[in-house]
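I have placed the structure first, in the form of structure tokens, so that the comments after it can refer back to it.
All of the numbers you see were taken from the coordinates with simple rules; none came from a lab. Quick caveat, the model's predicted, so the values are computed rather than measured. As a convention, Cβ positions derive from the backbone with ideal geometry for all residues, glycine included, and neighbour counts pool all protein chains shown.
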Amino acid sequence: MKLLIFGPQGSGKGTQAEILSEKLDMPHISTGDIFRENVKNQTELGQKAKAYMDQGQLVPDDIVIAMIKNRLSQTDANFGFVLDGYPRTIPQAEALDRITKIDKILEVWISDDESLMRLGGRRSCQKCGAVYHLKFNPPKNESQCDKCGSRLIIREDDTEAVIKERLQQYHQQTEPLVKYYQDQNKHIKIDGMPPIIDVTSEIFSKLFIN
């Protein structure tokens, strides 16, 4: 089964992709991991991508889709995969359709307020990298790491202004994928608001996984 999973920041789609990957014994293919692997191994595509990234520019679609194509051609993806983080736009979806046939698309939906709460509540340790959440996994002291005692900070990615900007980009660029895949009769909407275990149950049910 070839699956694609997407949703707004904080929706938990990465967690659900990992659960599906383990349950169905097929690779969880994250575009972030593909980028890091290509850059680390200094592949031709990785070097091209790094040149753009070093200048703070977006990596062009043709480089991204070439990386995706290479990854999907590996033997472990022959019988299925869970693709996470791509496509993010209609042109990217059209490019993906020319490479492979996706069976089902899972949209893990949460509200903007929920996204702000989940991401805005994160606190990270400057020293050891431990991550906390003020609601779900709070430190004993709001400003201090339980493990090493160092100061906890709000990462730039977790500030309200950055979260809102990313959500706006999601609504403008990625949300149109819903209709794109509805027209192909592949779209499945998942309520990402409940606890992780309940979201997993809904996904399994709608994919007819026991």
State which residue is farthest from H187 (Cα to Cα) when the search covers only the stretch 96-129 and only residues that are in contact (Cβ under 8 Å) with a residue 40 or more places away in the chain, out of contact with any helix residue (DSSP H, G or I) (no Cβ under 7 Å at 6 or more places or on another chain) and of a type in the set (D, E, K, R).
R118
Given (1) over 30 Å from F79 (Cβ atoms); (2) in a loop (DSSP other than H, G, I, E, B); (3) touching a Lys or Arg at 6+ places or on another chain (Cβ under 9 Å); (4) not aromatic (F, W, Y), number of the condition Q173 does not satisfy
(2)
Considering the stretch 62-106, residues that are small (G, A, S) and part of a loop (DSSP other than H, G, I, E, B), and then whichever is surrounded by the fewest Cβ atoms within 10 Å (Cβ to Cβ), we arrive at S73
Identity of the residue in the stretch 185-205, in contact (Cβ under 8 Å) with a residue 40 or more places away in the chain and not aliphatic (A, V, I, L, M), that ends up nearest to F136 (Cα to Cα):
G192
Report every pair of residues separated by at least 6 positions or lying on different chains whose Cβ atoms are under 7 Å apart, first residue within the stretch 45-61 and surrounded by 16 or more Cβ atoms within 10 Å (Cβ to Cβ), second hydroxyl-bearing (S, T, Y) and part of a helix (DSSP H, G or I).
V59/Y52
All conditions in (1) in contact (Cβ under 8 Å) with a residue 60 or more places away in the chain; (2) under 22 Å from R166 (Cβ atoms) are true of Y132 except (1)
